[in-house]
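All remarks here apply to the structure that follows.
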Amino acid sequence: MIKDTRAAGTSAAAAARNTDSGPSALGAPSDVHTAKAGETNDMAAAMPYNPGKAAEHGFKNGVNPPAGTTVEAPSRLPLGSTLSEANGTEKTGTVAAEGVNATIAPLDRVRVDSAGQVLTTNQGVPIADNQNSLKYGERGPALLEDFILREKITHFDHERIPERIVHARGSGAHGFFECYEPLTELTRAAPFKEAGKITPVFVRFSTVQGERGSKDTARDVRGFAVKFYTDEGNWDLVGNNIPVFFIQDAMKFPDLVHAVKPEPHHQMPQAASAHDTFWDFVSLMPESTHMLMWVMSDRAIPRSYATMQGFGVHTFRFVNAAGESVFVKFHWNPKAGTHSLVWDEAVKISGADPDYHRRDLWERIEAGAYPEYELGVQVFTEEQADSFSFDILDATKIIPEELVPVRRIGRMVLNRNPDNFFAETEQVAFCAAHVVPGIDFSNDPLLAGRIHSYVDTQISRLGGPNFHELPINSPIAPVHNNQRDGMHRQAIHRGKVSYEPNSLAGGCPFQAGAAQGFVSVPARIEAKEAQGKVRAKPEKFADHYTQARLFLESQTPVEQAHIAAAFRFELSKVTVPAVRERMISSLLNVSEDLANQVAAGLGMDVLPEPMPRALAKPPKPEVAKSDALSLFARPGDGSLMGRKVAILVADGVVGQPALDLQAALFAQGAVGRFVAPRIGPVKTADKVAINADASLENEPGFLFDALALPDGDAGVQALSRDGHTLEFLKDQYRHCKTILVMPASSALMLKAQIPSTLLSGDPDPGIVFGAGPAEFDLFIQGIAQHRHPERETDPPLV
Ligand code: HEM
């Protein structure tokens, strides 16, 4: 029989033009339609069964999954969504580049610069008049037809999105992480593969309690969240500036947050833990005691984001290419050292500049004084962990550095401010579940809750499941999967396949397998009786006081005094005496001395009994004191980068030394600002041109790291006539800052009743008299000390 290829070709071509059913017989391709049908069939035929299925079973396979099976497509034709894809326009472009997800690219693709451009609507229509709405006649009614006005107002109406339920107040910056040495023996994580490897990062620092517009200098834990855009996906190290936490199990997180947030009946106080519900809760949760020591210390009122540590808090795992795993704790150490505010200063700053930390971060980066932190790791084995007196799954415990030293593995530099706060800092979505191959979780029950919580909350905060496509959140690593649709989808996927396994897209995207993909470390639970389902904590979790005492005893006397004063202040704001007493009874288990001091400060004559302990005989701790826990253990590089110094001036001062001092400070990276009774030009006695860019009224003394008082009798007299000057001076003195007194200003010191010696009679090391280069040097050295606590008394004398 003679085969009628033309007839077969015609009927196949006709069949291939239908989107239901299809050609019953596939001959040689006669056109693009039949070619596509034929090649699709060839691909399906090349995968007669799912070859990966068997390997889905069994423990051994589970920890070493194979890569998925793929079939090479004969051409790109069968993978496309439509035969019309080659018909391009300026808008559609043409065919998707092979294997490319174009939503993943440097942020330049979405940056907008309007220089030299006309104003348009969101539809790109040029707007002729942006001043007037459309009306019927000059004095007539506005018209509903005004689509330009309505688009503008409608967009404005929806400019706000829900704020984060915690950590609502924050500030962000871009930068990079640089690895010091390959860590491949410990981890296959991409950032640690080789010395000098650079990984881009975005960091967001935050407070926990307050709302988005609340003050920066609240007594609070600071969030320290780092998004590493690694070439194997995003890794978020979502940490805090304190290495422990209030609670041990995620079950208690909503209770903790409800207790510390403004009280629900009257929404007060804002961004403060000093109220009934917080202290009621924590005094009933003795596991919080260690964290309370930290948040009552100066750690909770940092001088700046650039001068605080960061911690991953939980125990994580490093996993190497062979699948071997060790435990790891992460530490960030600031190059500029750990420096804090004092409470009186923090309170005053919160009024004068609620953006104090945000401003500081922004200005440091704009000035090129880039905040820098070293990443350190404490690495230990499962066997070591078992031998510790505490449980490494308990987030209320640290691992003392004496027990497991911190190994420095790289540095992070924050060197770029965001272009737009909302698009970047507000829309960034960190997630404790974002890990990459080489990093894994421990069984910390607090961490387990976090792994669930972040994406869940972000679905409502960012309006749907596609917020990973927001430019700030998308990784630099390629993204290919079968997730589709949902609110605000950006990616336009080519082809009809959105499932796996498939044969119609050649099996792609296919599972990466153990060699390339993320594999969870198989958790091992040794004791058989601990394997059943249970709601319980391990026994070592019940030791609530040993490490609280360790922290307290590791502080210098001035830090201990600040802890006592903070407890006194916070508990004095509690309105229920029984709650105060309960807290004192708990503190008695940490330190009788501390409990006595706080009780005395609260006018409590009779001390309660110590709170019954959950664990009568805790194991003997490995260390009783750890110097590394004191803020003073990390003075930093001693540089003045990012510091602000007030140089007071007024008409009649001698200008030259003030200018010389400003230049000397600049040379050290500090900013010396001329502060006068009013802003503007100052008539100096020596006719030197000085312009005051701040006034005593708009930049009060507590906003500066140090103070220089000028020379020139007439100028000093002018300053002393302004009450602000004396307040300025008193705050600088009270907050133990370095003060330079040029000759004529001794009169100001007298008028403000500032002593030049300490109570002991020794000279005050933080007060320098003179106006020459030697005194400027001493002044600079004094500022590098941060402050001079030898001067401090409680209550303050000045
Ligand atoms: C079970 C305990 C916890 C839960 C359920 C939880 C939940 C949350 C939620 C819902 C957010 C808001 C996220 C957003 O809207 O983007 C958040 C933010 C944050 N959490 Fe937690 N959290 C917990 C414990 C912790 C701990 C222990 C730490 C520190 C190690 C921490 C650090 C942070 C940080 C730094 C942020 C702010 C991230 C950013 O800057 O956007 N959280 N947390």
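Structure notes:
- Residues whose amide H comes within less than 5 Å of that of ILE767, counting only those at least five positions distant or on another chain, are ILE739 (H built at 1.01 Å from N in the peptide plane).
- Reach of LYS496 by Cα under 20 Å, taken over aspartates and glutamates that are not fewer than 8 positions away in the same chain: ASP20, GLU39, ASP42, GLU72, GLU85, GLU98, ASP485
- Centroid-to-centroid separation of the stretch 235-283 and the stretch 579-606 [C-alpha atoms, Å]: 22 Å
- THR19 paired with THR89, simple spin-label distance in nm, labels 7 Å along Cα-to-beta-carbon: 1.9 nm
- Judged by the gyration tensor of its Cα atoms, with axes a ≥ b ≥ c, the stretch 566-675 is oblate; a/c meets the 1.5 cut and b/c is at least as large as a/b.
- Put simply, when 311-317, 680-686 are sorted by average Cβ atoms within 10 angstrom per residue, most first, you get 311-317, 680-686.
- Value in Å of the Kirkwood radius, where the stretch 360-420 supplies the Cα pairs that are averaged: 14.5 Å
- Placing +1 on the Cβ of every Lys and Arg and -1 on the Cβ of every Asp and Glu, with no other charges, gives the chain a dipole of roughly 1300 debye about its Cα centre.
- Taken as Cα centroids, the stretch 612-651 and the stretch 71-92 sit 61 Å apart, rounded to the nearest whole angstrom.
- Approximating the spin labels as points 7 Å out from Cα along Cα→Cβ, the THR10-to-GLU609 distance works out to 10.4 nm.
- Kirkwood-Stokes translational diffusion coefficient of the stretch 167-257, alpha-carbon pairs, 25 °C, 0.890 mPa s, µm²/s: 163 µm²/s
- Sorting 417-428, 719-730, 234-245, 510-521 by average packing, meaning the other beta carbons within 10 Å per residue, from highest down gives 234-245, 719-730, 417-428, 510-521.
- Three-way shape label, the stretch 743-798, alpha-carbon gyration tensor, a/c 1.5: oblate
- Residue separation of ASN61 and GLN117 scaled by 0.36 nm, minus their Cα-Cα distance, works out to 14.3 nm of gained length.
- Degrees between helix 557-572 axis and first principal axis of the chain (Cα, 0 to 90, nearest 10): 80 degrees
- Whole-Å distance, taken between Cα centres, linking the stretch 153-222 and the stretch 673-704: 36 Å
- Of the three principal axes defined by the Cα atoms of the stretch 193-348, the extents in descending order read 54, 34, 25 Å.
- Rg(Cα)/(2.2 N^0.38 Å) for the stretch 271-365, N = residue count: 1.42
- Cα-only radius of gyration and Dmax that characterise the stretch 98-179, units Å: 20.2, 68
- Loop sites in the stretch 132-210: chymotrypsin sites (Phe, Trp or Tyr not before Pro), DSSP, at most 12 other Cβ within 10 Å: TYR136
- Between ASP146 and GLU366, the modelled label-to-label distance comes to 3.5 nm, taking each label 7 Å out from Cα in the direction of the beta carbon.
- In this structure, the pairs whose alpha-carbon distance is over 21 Å, taken from LYS215/LYS730; LYS348/LYS573; LYS397/LYS625; LYS540/LYS617, are LYS215/LYS730.
- Cα-based convex hull, the stretch 23-115, per residue volume (Å³, whole number): 150 Å³
- Note on the chain: helix-only mean residue ellipticity at 222 nm, from DSSP H runs of 4+ residues weighted -39500 (n - 2.57) and normalised by residue number, equals -7500 deg cm²/dmol.
- Cα shape, the stretch 316-430, gyration tensor, a/c 1.5 rule: prolate
- Neighbourhood charge, 15 Å Cβ-Cβ cut-off, centred on ALA142 and excluding it, Lys, Arg +1 and Asp, Glu -1: -1
- When the convex hull of its Cα atoms is viewed from all sides, the chain shows a mean projected area of 47.3 nm².
Values quoted throughout were computed directly from the atomic coordinates according to the rules given, and no laboratory measurement underlies them. Given the structure is predicted, the values throughout are model-derived calculations rather than measurements. Note that each Cβ is placed from the backbone with ideal geometry, even for glycine, and that neighbours are counted across all protein chains shown.
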